[in-house]
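The block underneath contains the structure these notes are about, expressed in structure tokens.
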Amino acid sequence: MAKALDKGVGAGSRIRAMTHLTDIITLPHGRPGTTRRLTIHRFGRGGGPKAYIQAGLHAGELPGMVVARHLLDHLIRLDAAGRVKGQVVLVPMANPIGLDQVLLGGHVGRFDLASGINFNRAFADLGDRVADALRPGDLDPDGETNRRVIQRALAHAAASLAPKTEADALRKILLSHAVDADYVLDLHCDSEAVMHLYTTPACWPLGVADLAVRLEAKAVFLAEQSGGEPFDEVCSTPWDRLRARHGGPDTPIPVGCSAVTVELRGEADVDDGLAAADAAALIDHLSWRGIIDAPAPAMPDLSDVATPLAGVDRVRAPVAGVALYHVRLGDRVRIGDHVATILDPASGERHPCHATADGLVWSRSQCRYAGPNDILLCIAGREVLVTSGPLLTA
Ligand SMILES: [Zn+2]
């Protein structure tokens, strides 16, 4: 642990021990002669609420990595001033496997080339394992006590995972650092998009709205479970199932982990000024949460920005061709609006594509060469359109 002399103000000077620790972890199960390392920054003395923040789980999504660099600079400065009240774990580049996947001149950071599996899927969901292990006397009439009991049980369950591949080992390490956190922020971006968030209906009213306002999010998507075990949901949803199985008037179980996927606009929105503003908003949110000792005025409630993830209208190409968009990000459209055209340049045929929901156009595909049934753009509808199957795309 590094120590620093703070000159202080006034008559006396104070010694403050900085708490910043940097762990560099070599991933196991790599191929012979290769090494991949993960760098994890930790701040705080071990007490108080814990926030876990990671960027670049999809390794080609660069905006979050720039935000994380700004966050790290903030945290080092705040730590030196003794203002980290809780704990913060920051992983600025969460996927060294994906960072190394450059193929024919293009970066492939979303899927593990070895298995084809999306890096933000297939995380271990520890809810049932912990629910099975809990005994009647383990829980207390005090919800905060139960929060700590369950966090320890989740951490223990994560530690007992036995991955067999490098990618699963990475998943275990990331989950182990996050699953006992009170707050999890997973920084991503979309193809082309406005700022938007994903979270659960349980997490949304308990402070995620504050984050949405500070980041000026234009859309928030709620789902109890979107399928595929993405990182944020294996941190947050075990609490819902634990509450269903073990919660009661004498054994209250809180929303123990507020987990959010933050989509920092589109892949090309890599901008130092935007990232600095986003990082400042995240620091303000951590201050509002009581993790950082800094003023953070309350934000107005904009709760109508949240819509069901099952209400997203994914407008798809009816045939293959060149995608021509007739709407921009942030446009509001109505059912039946002609939002895109697929052009077959060989025949000259044009295939119109229409909205099937009223709402905000929040993302578009950067790729204008569409295959049949490819998603062209997405609209944040309020009415449920999808009643079964996974709610996320590949
Ligand atoms: Zn992503």
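Going by the conditions given, is Leu376 over 31 Å from the mean Cα position of the chain (by Cα), open to solvent by less than 60 Å² (accessible area, probe 1.4 Å) and not assigned by TED's automatic domain parsing to the domain that holds His196?
Values: over 31 Å from the mean Cα position of the chain (by Cα): no; open to solvent by less than 60 Å² (accessible area, probe 1.4 Å): yes; not assigned by TED's automatic domain parsing to the domain that holds His196: yes.
No.
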Completion exercise
Checked against (1) among the charged types (D, E, K, R); (2) under 26 Å from Thr387 (Cβ atoms); (3) touching a Phe, Trp or Tyr at 6+ places or on another chain (Cβ under 9 Å), Glu224 satisfies every condition except (3)
Fill in the blank from the handout: Residue count, the range 245-270, condition outside any loop (DSSP other than H, G, I, E, B), more than 16 Å from the ligand (Cβ to nearest atom) and crowded, with 17+ Cβ neighbours inside 10 Å, comes to 3
Handout entry: Spans of helices (runs of 4 or more DSSP H) in the range 137-231 with at least 3 residues away from the ligand (no atom under 16 Å from the Cβ) and open to solvent by 30 Å² or more (accessible area, probe 1.4 Å)
Key = 143-159, 166-178
Handout entry: One residue from Asn146, Asn120 being among the polar types (S, T, N, Q) and under 24 Å from Leu392 (Cα atoms)
Key = Asn120
Exercise for the section: Evaluate the range 334-354: report whether one residue or more is open to solvent by 70 Å² or more (accessible area, probe 1.4 Å) and under 26 Å from the mean Cα position of the chain (by Cα). Expected result: no
Problem - Subset of the range 190-231 [of a type in the set (Asp, Glu) and at positive phi] - result: Glu216, Glu229
Exercise for the section: Being part of a helix (DSSP H, G or I) and not aliphatic (A, V, I, L, M) is the filter; apply it to the range 34-72 and report the residue that is surrounded by the most Cβ atoms within 10 Å (Cβ to Cβ). Expected result: Gly64
Handout entry: Candidates Ala122, Ala114 - the one that is within 16 Å of the ligand (Cβ to nearest atom), closer than 30 Å to Cys367 by Cβ and assigned by TED's automatic domain parsing to the domain that holds Arg69
Key = Ala122
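The values are calculated or read from the model by the stated rules, or taken from the named source; none is laboratory data. Computed from a prediction, not measured in an experiment: that's the story for all the values here. A quick note on method: Cβ atoms are made from the backbone with ideal geometry, for glycine too, and the neighbour counts reach across all protein chains shown. Ligands, DNA and RNA are stripped out before the accessible areas are found, and what is left, the full protein with its side chains, is counted by its heavy atoms. Shrake-Rupley method; radii C 1.70, N 1.55, O 1.52, S 1.80 Å.
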